[in-house]
1. Since residue 206 meets every condition but one in (1) surrounded by 11 or more Cβ atoms within 10 Å (Cβ to Cβ); (2) out of contact with any strand residue (DSSP E or B) (no Cβ under 6 Å at 6 or more places or on another chain); (3) modelled with pLDDT of 85 or more, which condition does it not meet?
2. Inside segment 1-117, counting only strands (runs of 3 or more DSSP E) that do not spill past its ends, which hold 2 or more residues that are over 30 Å from residue 202 (Cα atoms)?
3. With respect to the numbered conditions (1) farther than 30 Å from residue 243 by Cβ; (2) surrounded by 19 or more Cβ atoms within 10 Å (Cβ to Cβ); (3) in contact (Cβ under 8 Å) with a residue 60 or more places away in the chain, which one is the sole condition not fulfilled by residue 12?
4. Taking the condition out of contact with any strand residue (DSSP E or B) (no Cβ under 8 Å at 6 or more places or on another chain) and either over 26 Å from residue 98 (Cα atoms) or surrounded by 15 or more Cβ atoms within 10 Å (Cβ to Cβ) (or both), does residue 150 pass?
5. Please list, ordered by first then second residue, the pairs with beta carbon atoms under 8 Å, 6 or more apart or interchain, first in segment 137-153 and within 16 Å of residue 116 (Cα to Cα), second modelled with pLDDT under 85.
6. Determine whether residue 161 is at pLDDT below 90 and farther than 30 Å from residue 243 by Cβ.
7. Can you tell me which of (1) touching a helix residue (DSSP H, G or I) at 6+ places or on another chain (Cβ under 9 Å); (2) without any contact (Cβ under 8 Å) to a residue 40 or more places away in the chain; (3) surrounded by fewer than 19 Cβ atoms within 10 Å (Cβ to Cβ) is the one residue 292 doesn't meet?
8. When residue 106 is evaluated against the numbered criteria (1) over 22 Å from residue 167 (Cα atoms); (2) in contact (Cβ under 8 Å) with a residue 24 or more places away in the chain; (3) buried (at least 20 other Cβ atoms within 10 Å of the Cβ), which criterion, by number, is the only one it fails?
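The values are calculated or read from the model by the stated rules, or taken from the named source; none is laboratory data. On a predicted model such as this, the values are computed, not experimentally measured, just so you know. Note: ideal-geometry Cβ built from the backbone for every residue, glycine included; neighbour counts use all protein chains shown.
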């Protein structure tokens with residue numbers, strides 16, 4: 001059972017991104033002082049957020065001032081395209097119509113990287129350099145071939161995209177620089193969440209670990225029995241059954257307490273790049289039982305972010 005506490009991405013750590021800001025191809029326009037009418041949208045590079053005018057008929061407020069006004073004259077409608085992969089929400093993606101390259105200089109030790117809600121990617125290459133020397137590189141083909149069990153499946157099963165990956169074998173360099181390139185498969189490429197940080201072991205996940213799907217869509221029947229469906233986001237709910245040596249009780253308890261309000265990557269099977277038990281979210285509940293003199297049983301319930 002591995003957790004990766006994410007390092008916050010800032011202007012200082014995001015060295016470069018091929019996604020521009022503002023992104024004119026997605027209709028992003030930088031805010032400048034002036035008069036804006038109801039429904040107009042602008043972005044502020046200083047906050048990396050998008051704003052929409054709610055004042056009727058118009059406003060001259062700065063969006064940062066307008067969102068705090070009473071009544072508000074602007075409303076925050078989400079991150080800019082470049083920063084969407086760093087906002088902690090899987091459903092908001094950084095989009096690109098070509099290969100996407102990101103360079104990150106964390107300025108602290110990292111040994112893990114993960115991505116969630118990846119769409120339209122043929123492959124993702126992760127490279128780490130330290131003192132301008134390449135110390136790690138790996139390319140992940142974003143194809144799920146787990147259902148291919150023979151030649152018939154190989155030729156006739158539809159191509160299934162991988163939507164996540166987890167790399168836990170990065171060397172631990174305090175001055176490492178991450179260079180991540182997602183190769184587009186065609187159409188539009190998107191990355192919902194990119195996480196990097198230091199991994200910590202909380203024991204060993206065992207059989208009994210389970211998954212539930214949380215669907216926030218609305219499904220209502222009308223008077224004729226027909227369903228009216230409003231499609232919304234979904235999330236993972238994982239129950240990890242784990243065991244750990246008794247001497248780690250205090251350490252694990254303190255780690256869990258420190259993560260109670262921190263969105264974290266939780267990984268049940270560290271040996272699988274496309275681990276189905278990998279979730280980015282908060283833990284709902286944790287129970288540690290001292291069942292034997294040497295081994296402790298633990299259950300952690302984690303709710304993934306949408």
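1. For residue 206, the failing item is (2).
2. Working: elements: 2-6, 14-17, 41-44, 49-53, 74-79, 94-96, 100-104.
It comes to 14-17, 41-44, 49-53, 74-79, 94-96, 100-104.
3. (2)
4. In short, yes.
5. Hits for this filter: 140/273; 143/159; 143/160; 144/160; 144/274.
6. Yes: the conditions hold for residue 161.
7. Unmet for residue 292, out of (1) touching a helix residue (DSSP H, G or I) at 6+ places or on another chain (Cβ under 9 Å); (2) without any contact (Cβ under 8 Å) to a residue 40 or more places away in the chain; (3) surrounded by fewer than 19 Cβ atoms within 10 Å (Cβ to Cβ): (2).
8. The failed condition is (1).
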